[in-house]
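Beneath this line is the structure, given in structure tokens, with notes to follow.
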Amino acid sequence: MSYLNAADMTGGYGKADILHGCTLSVEKGQIAVIVGPNGAGKSTAMKAVFGMLPLRSGSVTLDGQDITALSPQDRVKMGMGFVPQVNNVFPTMSVEENLEMGAFIRHDDYRATMAQVFDLFPILKDKRRQNAGELSGGQRQQVAVGRALMTQPKLLMLDEPTAGVSPIVMDELFDRIIEVARTGISILMVEQNARQALEIADKGYVLAQGENRYTDTGQALLADPEVRRTFLGG
Amino acid sequence: MDVINALVALTNYVIIPATAYGAQLALGALGVTLVYSILRFSNFAHGDTMALGTGIVILITWGFQSLGITLGPLPTALLALPFGIVITAALLLGTDRTVYRFYRKVRAAPVVLVMVSVGVMFVMNALTRFLIGVDQINFDDGVRFVISARQWRDMTGLSEPLTLRSTQVITVITAVAVMVLLFWFLNRTRTGKSMRAFSDNEDLALLSGIDPNRVVTVTWIITGALATIAGTLYGLDKSFKAFTYFQLLLPIFAAAIVGGIGSPVGAILGGFVISFSEVGLTYAWKKVATYLVPAWEPDGLVQLLSTDYKFAVSFTILILVLIFRPTGLLKGKIV
Amino acid sequence: MSGTHQPSRSSSLRGPLFFAILAALLVIEGLTSGWNSTLGILNMGLLSAIMALGVNMQWGYAGLFNAGAMGFLALGGLAPVLISTAPTPGAFRAGGPGILTAFAVAIIAVLLAIQAYRRTRGPVRALLVTAILILGFFAFRWLFDPAVTVIEAINPSAAGNLGGLGWPTLLSWPIGALLAAGAAWLVGKTALGLRSDYLAIATLGIAEILVAILKNEQWLDRGVLNVNGIPRPWPVPYEIDLQSSATFVEMAQNWGIDPTLASTLTVKLAFLVLFVIVILLLIWGTELALKSPWGRMMRAIRDNEISAAAMGKNVTRRHLQIFVLGSAVIGLAGAMMISLDGQMTPASYNPLRYTFLILVMVIVGGSGSNWGSVLGGILVWYLWVKAGDWGPDIMGWAASPFADGPLKDHLLNSAAHMRMLVMGIILLVVLRFSPRGLLPEK
């Protein structure tokens, strides 16, 4: 049994389904990446896992517990962290306050977690009094990830964390994500930069039209000529 | 000597009144800006909330007076103020439950909420009239002056009089205390920070586990307190009349927008920008001019604008800001 | 502005039914309080309906919140004063040139400032623009103040103002609409295209200022001294002429009506006919406009501003058009109201009555529905008048168990404020439970 199991998810907004029996799973401490063409339902699948999309059928379990009926807020309490693609920081609040808000549901001392986040993203420590809205795109993404880490999630979900950042910043972010995974946190991530993302992925999902098209390890998918031709542009 | 007299006249007729008025506007604008940032609409009922809150304070003040309870040299209204705040806040919470909550649930457009607040304005206006009528009411019973004209003359020997009314001092002290408290709350406490987070990014605040109902509740309580305090200070300083409070809406909105709507510091800055412009432009500068240029005997009052047009000042500033800097002096929220 | 716009099933019967109820109410009013009072309510109701039609264009078609209907109404009311009253002898010769030059100077200063703003940069710009505006202001006052003093000195007890042109009153109605349209253009140009509430706040402001001008500029309209005896529009007769006409008196007696009463009824009926014609023309025009491509685009913008903008529609431009048009209609109503009253009393403009009550009429009638606005205008006005009458009765009944004393007095005195409460509650209830109003838009 994997740590996260999203089995056979079918659903969408309104009448038309966007997902058709989509299945995702992530092992403890591993990185799973969802790639696929535009409109494949990648972000929707992510939202479904997080409880932001009504499902007509299928189930989501986390660490063996069925969480299909829980609200996103309750899933956060269960140990899921979610970093949306855009609007993922509090712009007029300082970096430190952003992290504090991340820890809002915790009633214990979160200073150790904040120190860990600062260790992971040292630049944030230097800028901790600055407003998140004044930071560069890459730094803002770090704040967003840091905020989600403050609840000490066991599963971190990232929706296109490298959207709109330069290639150098992207590599840096991927390195950090690997570091996060090494601490035992499972990662589920949607990525537009499929090639680079699959390189760090333990498991890759290629989605098309709301269905699983290919599922394998990241390296295997990268090596598969069919996947390369159809989804990775040769 | 004449330069000093000119300064005294300036202080007496412009600086002191504008500071007190600015503090009152700033408190009002803080309420408007708070509702705007959390509930995301311009609250047209705010002027009448101030009137209703003040009306309640006046009734309690009368109650205390009839029981013989006073604050000595201070106005009894200050003693009644906390009770007035509690009742006003409770009324606002009741309004939220019965009226506004539904529109939040259906995620109504902001302009619909503005229209709804007009309905609330009607009801509050009626309640105020029921409660206390439409007449002008003076309810200041404390010592009138901190410095009276005679004391000033004895003290300085200057021919130009200067008076400092106690309500002006009370206004400024109370306003500063309230602002310090508010900023401490917003910047230092968990609940205050969660309100700022909610105002910044509602979806992310929900994801972080911030309870929207709690945020909204606290917002209305603070708004009720700010409105009651602003209205009571204004009433003590000038006098209470329900319709005047409705008219205060314009300078208050102008202050909030000029400062940058959604920004508390901006609301305070905006309050003083509006009050100093208004008082400065409608003051008859003849006296100051005669002191400074003794050879010149102006035939008019040297008044740039008749006081009847004081609203034109707020309006003009508002329009200039909308044209040249729609986000306000300090960057406010979305245009 | 409701979220959904599906036609409702019962709509074909609703309209006639509600208008029949309204007619019945008015007939009851006629039978109990007399036809004179009924016609009075009806005429003012029709004027309110025109105001509501104007506000409905803005709120109902475009979702624009005009919180300053009172200002446009008052400005429109200035037209009959300036157009149809008799000129004050000598006033224009004495002060006219001074005032005209003063305004010309002011306009030149503003245009210069705009040019300076466009052509310069940095601190030079700030300095130059400020200097031009300050110099312009003082030049304006230097020309304007003496001219005003001269005009206000002419026959101050009866005139003291420029007076009008002595042209026909009917002509002043469209001119009132033009005046309001001009002011609306200035406000809309600055406040539209920003957040939706900013228009509301800007219009709230301009309304206060316009009324302040009417109250204080004696040279213009005698300010709070009021202008009386504004001529009636053709073909409305004067009671005194009717009463001295032998044929009219004879006719009235043949009908068995007192000639004095008959004359007032005739005058009111004449106004009524004029008002109804204007309303029908307005509705015909707006329905035509709404069915045109322009109107379809307007509704497309209201229903989904973002997608309309994405399709390349200039939303702000359309909003400005509809805002100006709606304000013109309100200005028209303002001019008509002054003609009906025969006097200009700037102190009587009250935002609750002339801005917010009109909004209640539009929303109760049905946002976006022209016949709804007419129904809402007359019905809400009727309720407003009657709530003023019923309030004391109800309160008297409610207070009857109490002993005479300060509490009872207070309750009885506050009855007059009942209607504020009633209107507020009606507005809230309609918005909440029936946001599409009595006669929903088809």
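Just so it is clear, none of the values below were taken in a lab; they were calculated from the coordinates. Since the structure is predicted, the reported quantities are computational estimates derived from the model, not experimental observations. As a convention, Cβ positions derive from the backbone with ideal geometry for all residues, glycine included, and neighbour counts pool all protein chains shown.
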Completion exercise
In this structure, the FRET efficiency calculated for residue A:20 and residue A:230 from their beta-carbon separation, with R0 = 22 Å, to the nearest 0.05, is 0.75
Fill in the blank from the handout: The extension gain from residue C:425 to residue C:260, computed as 0.36 nm times the residue separation minus the Cα-Cα distance, is 55.3 nm
Fill in the blank from the handout: As a percent rounded to 5, the proportion of antiparallel DSSP bridges among beta bridges in chain A is 55 percent
Problem - Simple spin-label estimate for residue A:134 and residue C:289 in nanometres, 7 Å along Cα-Cβ - result: 4.9 nm
Practice task
Grab the beta carbon distance between residue B:292 and residue A:126, set R0 = 56 Å, and tell me the FRET efficiency rounded to 0.05.
Solution key: 0.60
Handout entry: region B:10-72: C-alpha gyration tensor shape, a/c 1.5 cut-off, then a/b vs b/c
Key = oblate
Fill in the blank from the handout: Expected integer from the mean partner chain Cβ neighbour count at 10 Å over B:105-112 is 4
Practice task
Kindly work out what percent of the DSSP beta bridges joining two residues of the protein assembly as shown are antiparallel, to the nearest 5.
Solution key: 60 percent
Completion exercise
Projected onto their principal axes, the Cα atoms of the protein assembly as shown stretch, largest extent first, over whole-Å spans of 108, 82, 72
Fill in the blank from the handout: Per the charge dipole of the protein assembly as shown (beta-carbon charges, Lys/Arg positive, Asp/Glu negative, Cα centre), the residue among B:152, A:64, B:195 reaching farthest to the positive end is A:64
Practice task
Please work out whether chain C counts as rounded, prolate or oblate from its C-alpha gyration tensor, where a ≥ b ≥ c are the square roots of the eigenvalues and a/c under 1.5 means rounded, while otherwise a/b larger than b/c means prolate and anything else oblate?
Solution key: oblate
Exercise for the section: Note down the net charge around residue A:152, summing +1 for each Lys or Arg and -1 for each Asp or Glu among other residues with Cβ under 13 Å from its Cβ. Expected result: +3
Handout entry: Shielding of C:416-426 by partner chains, average beta-carbon count, 10 Å
Key = 6
Problem - Residue-averaged 222 nm ellipticity for chain C, from DSSP H runs of 4+ at -39500 (n - 2.57), nearest 500 - result: -25000 deg cm²/dmol
Problem - Where labels lie 7 Å past Cα in the beta-carbon direction, separation of residue C:36 and residue C:118 in nm - result: 6.0 nm
Exercise for the section: Neighbouring Cβ atoms within 10 Å as the yardstick, rank B:128, C:316, B:327 fewest first. Expected result: C:316, B:327, B:128
Completion exercise
Averaged over the residues of A:100-110, the number of partner chain Cβ atoms within 10 Å of each residue's own Cβ comes to 4
Exercise for the section: Can you figure out the FRET efficiency of residue B:158 with residue B:324, using R₀ = 45 Å and their beta-carbon distance, to the nearest 0.05? Expected result: 0.60
Exercise for the section: Go through A:159-168, B:109-118, B:232-241 and give me the packing order, highest mean Cβ count within 10 Å leading. Expected result: B:232-241, B:109-118, A:159-168
Practice task
Quickly work out the residue B:134-to-residue A:78 label distance, labels modelled 7 Å from Cα along the C-beta direction, and quote it in nm with one decimal.
Solution key: 6.1 nm
Handout entry: Local electrostatic count at residue B:101 - Lys and Arg +1, Asp and Glu -1, tallied over other residues with Cβ under 13 Å
Key = +4
Fill in the blank from the handout: Flagged as over-length at 29 Å C-alpha distance, from A:125/B:105; A:15/B:105; B:238/C:215, the pairs are A:125/B:105
Problem - Anchor residue A:127: lysines whose Cα lies under 21 Å away (excluding residues fewer than 8 positions away in-chain) - result: B:193, B:331
Handout entry: Estimated [θ] at 222 nm from DSSP helical runs (n ≥ 4, -39500 (n - 2.57)) normalised by residues in chain B, nearest 500
Key = -22500 deg cm²/dmol
